[in-house]
Amino acid sequence: MLQAKIFIRLKPNVLDPQGKAVSNSLHQLGYVKVVETRVSKYIEISFDDDNEQAVEEQVQKICADLLANPNTENFTYTIEKMGTV
Amino acid sequence: MRVSVITFPGSNCDRDTQRAFSERGHTSNLVWHKDRDLQNPDLVVLPGGFSYGDYLRCGSLARFSPIVNEVVAFAESGGLVLGICNGFQILTECDLLPGSLLMNSGLTFICQHQYIRVESANTPFTRNIPAGRVLDIPIAHKEGNFFIDPERLKSLQDNDQIIFRYCDRDGAATSEANPNGSLDNIAGICNIQRNVLGMMPHPERASTEGVVSRDGREIFAAIEDYFDSSR
């Protein structure tokens with residue numbers, strides 16, 4: 001079993017109103033050195049497959065086809081072996 | 001005119017939209033998203049709502065409904081497609097329209113009357129409505145903040161594809177009159193062929209008897225005018 005850990009991030013030039021609201025709240029809590037907050041999506045997908053290259057090809061396509069919107073988002077991922085239970 | 005209104009799981013403006021057209025004397029059908037037959041329409045409407053619960057991104061999962069392949073083929077063959085609110089989001093996600101609808105800059109769901117300015121009469125949806133005309137059409141959304149990269153924004157501007165802008169009562173498209181942070185106050189755009197229009201405001205909520213504004217009727221009348229002239 002392999003697991004993909006996928007981060008979907010807003011592109012740097014896209015405003016993130018959620019991140020801005022979190023920054024404001026952190027300032028109110030006294031974290032005055034906080035400069036910027038960006039809120040992202042984190043997605044885990046597990047595969048019944050041990051072939052890392054095959055899984056990576058699929059993850060790349062899954063991200064490009066569905067999980068990320070190419071207009072506004074970038075994606076990165078890592079692929080890891082899942083621990084046996 | 002034959003109008004097909006698509007019902008996705010989570011659509012909630014489909015019946016209002018169907019009624020807005022049937023009250024005007026049109027054959028207005030609801031088409032279930034798992035169907036593969038558009039029922040020979042003159043106009044397809046993707047209505048407002050929360051298709052697939054807005055999971056992942058608003059509108060992103062609707063494109064996997066079987067009927068959407070038919071909608072795309074209909075649009076590509078020149079058929080009229082109108083996307084309202086969630087329908088606009090779906091049209092951007094299936095690449096019939098450029099850009100994306102992001103979370104409102106104020107982070108809240110906004111439900112209010114909204115003035116919008118008609119920017120171009122050069123679409124079947126705004127035919128004979130003079131540019132500059134101000135309409136009062138309600139909005140109700142949390143993800144209506146239109147975003148597009150600078151090059152493609154310029155392309156929308158240069159090709160007269162911005163059809164509605166948020167404005168004040170006097171028609172000024174100021175930042176104060178922009179409810180959701182949309183780039184360039186954009187409330188609605190069309191594709192380059194001008195047969196597909198997406199808009200965040202709800203004309204079907206401003207058309208029937210007994211509501212505060214009936215300015216949505218101008219948009220429906222424009223579509224009828226186009227339809228009559230093209231027969």
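Scanning the stretch B:147-179 for residues that are away from every other protein chain (no Cβ under 14 Å) and basic (Lys, Arg) yields B:154, B:165, B:169.
Screening residue A:73 on (1) among the charged types (D, E, K, R); (2) away from chain B (no Cβ under 14 Å); (3) in contact (Cβ under 8 Å) with a residue 40 or more places away in the chain; (4) within 30 Å of residue B:98 (Cβ to Cβ) shows it passes everything except condition (2). For the stretch B:44-162, the strands (runs of 3 or more DSSP E) that sit wholly inside it and include 2 or more residues that are among the β-branched types (Val, Ile, Thr) and within 23 Å of residue B:17 (Cβ to Cβ) are B:80-84, B:115-118. In the set (1) part of a loop (DSSP other than H, G, I, E, B); (2) under 24 Å from residue B:23 (Cβ atoms); (3) touching a strand residue (DSSP E or B) at 6+ places or on another chain (Cβ under 9 Å), the condition left unmet by residue B:208 is number (3).
Residue-level check: of (1) farther than 17 Å from residue B:11 by Cα; (2) more than 9 Å from chain A (Cβ to nearest Cβ); (3) in contact with an Asp or Glu (Cβ under 9 Å, 6 or more places away or on another chain), residue B:110 misses just (3). Working only within the stretch B:61-106, note down all residues that are without any contact (Cβ under 8 Å) to a residue 24 or more places away in the chain and either within 13 Å of chain A (Cβ to nearest Cβ) or within 15 Å of the chain's Cα centre (by Cα) (or both). Selection gives B:61, B:64, B:95.
Throughout, read-outs are computed from the coordinates displayed, never taken from laboratory work. This is a predicted model, so every value here is computed, not measured. Note that we place each Cβ from the backbone using ideal geometry, even for glycine, and neighbour counts take in every protein chain shown.
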